[in-house]
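The values are calculated or read from the model by the stated rules, or taken from the named source; none is laboratory data. Bear in mind that the values here come from a model prediction, so they are computed numbers and not experimental data. Note: ideal-geometry Cβ built from the backbone for every residue, glycine included; neighbour counts use all protein chains shown. Side chains are part of the model used for accessible areas, which takes the heavy atoms of the whole protein and leaves out ligands, DNA and RNA. Shrake-Rupley method; radii C 1.70, N 1.55, O 1.52, S 1.80 Å.
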Amino acid sequence: MQRSDTPDWLNPLIAVLQQAQAGLLRALHGLGLVQTVDDQPAWPWALRLSGDNLLIDLGQARGLLWSLAALAAATVLLVLVPWLRRLRWPALGMALLLLMLAPWPRADLILVPARPTSLHASPTGFSVESIAHGAQVYGRQCLACHGADGRGQGPLAARQSVWPPNFTSPLLWRRADGDLLWAIRHDPRPVQTATGPQAHGQAGRLSTEDAWALIDFLKAQAAGQMLQIAGAWPYPVGLPDMDVRCAGQPVRRLHAWQGRQQRLRLVAGAGEVQEDPRLVSLQLQPGGQAGGAALDCLVTDPRAWQAMALLSGSAGLQGMQWIGDRRGWLRALSRPGARGWSEDDLVCRTDTASQAPAGPAADGLGALIARMDAEPVRFVKGGFVH
Ligand code: HEC
């Protein structure tokens, strides 16, 4: 959750660090200098840059910002040196001085251990297919230790030398997806299975595709559990991708609307519901059936019901509604039987709410939309969220 004292430049700074190292990896891969692991270029070093500690130590973050500015200035000076005749030596000295005097942050604060897959990005697009696939694999390979609800209380949990983590914690959001992939497929640390000790990483039994699907499932499951426990999400959760059909049109993917910056509303069940010009409304029915649909657009994927139940931490979906914002984050949830929307339905919020401009709002939904637009999610993995 974003602290109100977070400076605006911190998230972009962390994003720049991440993009810089991803760019470096792409360049190395382009030159054929790095291997491919799990279908993507492998990070070749034992350390990588991480913004996590900068969030805690603002002084170091400020130091890094100044140092990057000094580095940029020094680079400009060095590039100009060949053209600076008499000023050549002063320019060189100045560049050197800038680099020496810059308040470089402590290396052990911005460098963290890296795995070959640390920078890997998920190819799934967070879809209901992949959540459903992950659910199946989880039941077979993970549940015994991690438990039916992901809180680490499975039947084999007590036999482990370390207790399996509780996924209703920041873990899945703070770890890089690539580090989760490594834990699932390659982590050599031994765990006690029903048939004896075995490495935690299950590359021998799980494909890369299985592992990415598991990560989507784990996040959906944790989101639902957190909603049950706390009533809100401390980390933003995306509206999963799914097949949708609107009257008289071919089936298309829900994420196609995000490219067009549309707000979406999902309505579960066949109850009374009306279109609203402020959102694209989609009807979700168990099994993807069309019977009794009151809306023009219908979710056709039979796995969507299950995925939304998991994400919401509730099997009683009938009458539930969700709103996704223009960028595809799930922002609000209204429970069955609720009368209209209000700002209290926000499930993904910031603690800066009181500072949000209170615009003239005609109704609950208007107020909710105004609030969502005024406080967009600014998610940077490893940085502050919301
Ligand atoms: C035999 C027990 C067992 C099984 C089976 C198992 N895990 Fe784990 N898992 C653990 C334990 C114990 C830890 C904690 C390890 C530690 O922190 O040293 C752990 C840690 C993790 C972590 C956290 C890694 C991190 O970076 O902190 C993830 C993610 C995870 N498991 C996912 C899975 C998935 C997905 C499966 C199924 C494919 C699975 N595990 C199967 C016991 C198990």
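Odds and ends about this structure:
Conditions (1) within 10 Å of the ligand (Cβ to nearest atom); (2) in contact with a strand residue (DSSP E or B) (Cβ under 8 Å, 6 or more places away or on another chain); (3) in contact (Cβ under 8 Å) with a residue 40 or more places away in the chain, marked per residue:
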residue: L143; (1), (2), (3): yes, no, no
residue: A148; (1), (2), (3): no, no, no
residue: G152; (1), (2), (3): yes, no, no
residue: A157; (1), (2), (3): yes, no, no
residue: R174; (1), (2), (3): yes, no, yes
residue: L181; (1), (2), (3): yes, no, yes
residue: T193; (1), (2), (3): yes, no, yes
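- Between Q153, Q160, Q136, the distinction of being among the polar types (S, T, N, Q) and under 29 Å from G288 (Cα atoms) belongs to Q136 only.
- If you filter the range 159-168 down to residues that are free of Cβ contacts under 8 Å to residues at least 40 places away in the same chain and not charged (D, E, K, R), you find that the one that is farthest from the ligand (Cβ to nearest atom) is N166.
- Here T195 clears all of (1) closer than 20 Å to Q306 by Cα; (2) not assigned by TED's automatic domain parsing to the domain that holds G291 except the condition numbered (1).
- Criterion: under 25 Å from S118 (Cα atoms) and basic (K, R) - qualifying residue of R48, R62: R48
- Residue match in the range 210-224 (condition: in contact with a helix residue (DSSP H, G or I) (Cβ under 9 Å, 6 or more places away or on another chain) and away from the ligand (no atom under 16 Å from the Cβ)): yes
- Those residues of the range 295-318 which are in contact with a strand residue (DSSP E or B) (Cβ under 7 Å, 6 or more places away or on another chain) and within 19 Å of G337 (Cα to Cα), in sequence order: L295, W305, M308, S312, L317, Q318
- Output for the range 305-332, where each listed residue is farther than 19 Å from G288 by Cβ, in a strand (DSSP E or B) and open to solvent by 10 Å² or more (accessible area, probe 1.4 Å): W329
- Search result, residues across the range 260-277 that are basic (K, R) and either in contact with a strand residue (DSSP E or B) (Cβ under 9 Å, 6 or more places away or on another chain) or part of a strand (DSSP E or B) (or both): R263, R265
- Wholly enclosed helices (runs of 4 or more DSSP H) of the range 138-255 bearing at least 3 residues surrounded by 19 or more Cβ atoms within 10 Å (Cβ to Cβ) and hydrophobic (A, V, I, L, M, F, W, C): 177-185, 208-230
- Out of Q2, Q21, sole residue that is at pLDDT below 85 and under 29 Å from H120 (Cβ atoms): Q2
- Scanning the range 256-275 for residues that are of a type outside the set (V, I, T) and open to solvent by less than 30 Å² (accessible area, probe 1.4 Å) yields W257, R263, L264, R265, L266, A268, G269.
- A search for C-beta distances below 6 Å between a residue of the range 367-386 that is within 30 Å of L109 (Cβ to Cβ) and any residue that is assigned to a helix (DSSP H, G or I) and at pLDDT below 80, counting only pairs 6+ apart in sequence or on different chains, returns G382/D52.
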